[in-house]
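Notes follow once the structure below has been shown.
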Amino acid sequence: MASFLVVASITLAACGPAGSTPPTTTRPATTVAAAATATTTSTSTSTSTTVALTTVPQSTGSTVPSTSPLIGRIWTRMPTSAKVVALTFDAGANGDGVTSILATLQAKGAVGTFFLTGAFTRQFPDLATAIATAGERIGNHSVDHPHLPTLSDSQVGEEVLGASASIRAATGQDPAPFFRFPYGDSDSRTLADLNGLGYVAIGWTVDTLGWEGTSGGITSAEVLSRAVGALQPGEIVLMHVGSNPTDGSTLDAQTLPAMIDAMRQAGYSFVTLDALLG
């Protein structure tokens, strides 16, 4: 079995402007028929762990123990040789693209993971509920999308647990154990804080940059090129549900149908991040 290096990135590319659980309806489950060896390297030691990948679309949302091989790193791809992709969507600003994204996933028979902030669920409870009701996986994206390394340990805990409470209140779903750092901004301390709460840190393989909008020089063609250009087994694609605040464009939602079609044509299928849980 081939070994894959899973990069534990401490500071990732900007996650755009602010701001993505188990379904209440049954959706088809996809099994990733592969296990892979994930290798993590520190300055003093190198260890290897094996993580079996199986999609569990109706996960109970429980946290993971400190002994889990998922702890101690930021997952920028799923460690597998299977041709699967995780489509992920951050939700922290507005929800202008949610309806379109959910309709596309339903029409295409694909699944996504949505990282919600607590503020998003309070401002757009109907959209948060729609995401959960559609059977999409929900993750935790903090209460109000701050730069977590600027906060104290207790404040980091409040951001994680406060968002969890808001998400559960709005959707009835538990976002654990998946967390995405706002802006992709973390350090060893905040990663340890997060892991201590039983959460797994999720990064991304590629940022489509759709959040930059047409005013930022991004086009639907560019979004598609970036996502498909980074295509590889276990790819995690970062997108956003909101519109650009300057030009109102929703490039990720607009491009999603073509993205799914292109990836399927290349032989890929789609899983939620529950595939990491095994």
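Can you go through Ser166, Ser142, Ser220 and tell me which one is of a type in the set (Ser, Thr, Tyr), closer than 22 Å to Asp96 by Cβ and in contact with an Asp or Glu (Cβ under 7 Å, 6 or more places away or on another chain)? Only one candidate passes the filter, namely Ser142.
Screening the candidates Gly135, Gly139 for the property of being under 20 Å from Thr88 (Cβ atoms), in contact with a Pro (Cβ under 7 Å, 6 or more places away or on another chain) and crowded, with 23+ Cβ neighbours inside 10 Å yields one hit, Gly139.
Out of all the residues in region 103-123, which are surrounded by fewer than 21 Cβ atoms within 10 Å (Cβ to Cβ) and more than 23 Å from Met263 (Cα to Cα)? Result: Arg122, Gln123. Of the numbered criteria (1) at pLDDT 95 or above; (2) surrounded by 22 or more Cβ atoms within 10 Å (Cβ to Cβ), the one Leu276 fails is (1).
Residues of region 198-209 include none that is crowded, with 17+ Cβ neighbours inside 10 Å, touching a helix residue (DSSP H, G or I) at 6+ places or on another chain (Cβ under 6 Å) and farther than 16 Å from Ala86 by Cβ.
With the condition kept exactly as written, say whether any residue in region 44-58 is modelled with pLDDT of 50 or more and under 23 Å from Leu238 (Cα atoms). Checked against the condition, which is being modelled with pLDDT of 50 or more and under 23 Å from Leu238 (Cα atoms), region 44-58 yields no hits at all.
The values are calculated or read from the model by the stated rules, or taken from the named source; none is laboratory data. Because the structure is predicted, anything quoted here is derived from the model rather than measured. Backbone-built Cβ (ideal geometry, glycine too); neighbour counts: all protein chains shown.
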